[in-house]
Amino acid sequence: MVMEPPLACSRGWRHLAEMHRHTHDSHAAPILFIADLHLDPARPAALHALAGFLAGPARKASALYILGDLFEAWIGDDARPADDPVAPALRALADQGTRVFLMHGNRDFLLGRAFAQAAGAELLDEPVVISIDNERVGLEHGDALCTDDTAYQAFRAQVRDPDWQRGFLALSVAERLEQARAARARSGEDMATKAEAIMDVNPAAVTTRFRDLDVARLIHGHTHRPAMHSLTVDGVERQRIVLGDWFDQGSVLTVSDREYRLDQVSLSG
Ligand code: LP5
Ligand code: MN
């Protein structure tokens with residue numbers, strides 16, 4: 001008779017296997033994190049800076065984590081431009097030995113397996129827990145932490161629904177572009193009326209996340225407010241690191257020799 005392993009045990013093994021894929025030693029090689037590049041042909045400076053970063057410092061890293069909003073807008077892998085320079089640049093990095101991980105943001109939640117495969121990258125669900133120097137570290141885009149922004153959270157729930165996504169992806173590219181344009185316009189109007197605090201993370205949501213994931217650090221983007229925050233949760237000192245966007249300059253978090261460093265990257269030259 002074959003005995004089924006108890007559920008908790010099989011979950012445990014899956015969890016261990018997942019952790020193993022994401023176990024890093026920052027003394028061996030740096031681990032890099034970026035987010036919110038909002039790549040768009042209309043802003044070639046960010047694209048150029050990314051290309052330099054991928055062909056330069058990223059090659060010395062063991063892993064590059066891209067925590068959402070790599071693209072300004074993504075309406076489906078089938079609409080990827082034939083001359084897209086991003087996937088080949090990521091693939092070249094992956095091919096020389098840096099593992100590339102890709103997480104969805106609120107602009108590119110429709111990035112799919114076809115893009116990931118072309119980029120030599122692995123798509124990650126969020127939030128995810130990785131291990132760096134034997135410390136648990138949580139990663140997510142950051143939009144889910146903005147719980148005071150109820151209009152956005154309703155929009156998020158809709159567009160993250162698999163049925164909605166299937167319906168949207170079945171539309172023509174022209175129809176999808178039009179809907180994306182309308183959503184951007186509406187979002188811009190709404191944001192102009194929202195208080196800054198509403199568009200930042202909610203402290204209680206942050207506390208809950210630290211508790212649920214049981215992590216020493218949480219790394220995210222989305223708010224475009226780069227910072228390293230210290231906070232205490234359940235009597236334990238923790239750190240929340242917010243990556244910046246790539247509008248006026250780039251933003252890269254490097255973990256090396258146990259040190260966490262948030263640097264700006266020049267977009268010129
Ligand atoms: O992106 P950012 O940082 O500027 O603003 C976000 C929130 N806005 C969004 C909306 C996206 O920008 C829309 C573009 C998605 C790209 C293409 C995807 C595929 C198409 C989807 C088509 C429906 O994420 C903003 C937050 C802000 O961050 C800070 O956290 O406040 O949230 C909003 O502004 C949401 C609005 O308040 C409510 C929803 C508006 C959209 C309504 C849909 C209309 C579609 C019409 C189609 C016929
Ligand atoms: Mn975002």
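Counted by Cβ distance under 15 Å from L102, the other residues give a net charge of -3, where Lys and Arg count +1 and Asp and Glu count -1. With the simple model of a label 7 Å out from the Cα in the direction of the Cβ, D78 to A28 spans 4.1 nm. Counting charges near P203 (Lys, Arg +1; Asp, Glu -1) among other residues having Cβ under 11 Å from its Cβ returns a value of 0. Rounded, prolate or oblate for the range 42-93? Axes are the square roots of the Cα gyration tensor eigenvalues, ordered a ≥ b ≥ c, and the cut-off for rounded is a/c under 1.5. Prolate. Considering helices alone, the calculated mean residue ellipticity of the chain at 222 nm is -11000 deg cm²/dmol, with DSSP H runs of length four and up weighted by -39500 (n - 2.57) and normalised per residue. The radius of gyration of the Cα set in the range 125-269, together with its Dmax, comes out at 17.6, 53 angstrom. Each residue, R186 and T207, gets one label point 7 Å from its Cα in the Cβ direction; the gap between the two is 3.4 nm.
If you run the Gaussian network model on the chain, springs between alpha carbon atoms under 10 Å, then out of I241, I219, I132 the most flexible one is I132.
Under the classification rounded if a/c is under 1.5, otherwise prolate if a/b is larger than b/c and oblate if not, where does the range 13-265 fall, given a ≥ b ≥ c as square roots of the Cα gyration tensor eigenvalues? Taking the square roots of the gyration eigenvalues as a ≥ b ≥ c, the range 13-265 is oblate. Which of these, S62, S230, S256, has the largest mean-square fluctuation under a Gaussian network model of the chain (Cα springs below 10 Å)? The residue with the greatest mean-square fluctuation here is S230. Take every Cα pair under 8 Å whose residues are at least 6 apart in sequence, average their separation, divide by the length of the chain, and the relative contact order is 22 percent.
Bear in mind that the values in this text are calculations on the coordinates, not laboratory data. From a predicted model like this one, the values you see are computed outputs, not experimental measurements. Neighbour counts run over all protein chains shown; Cβ positions are idealised from the backbone, glycine included.
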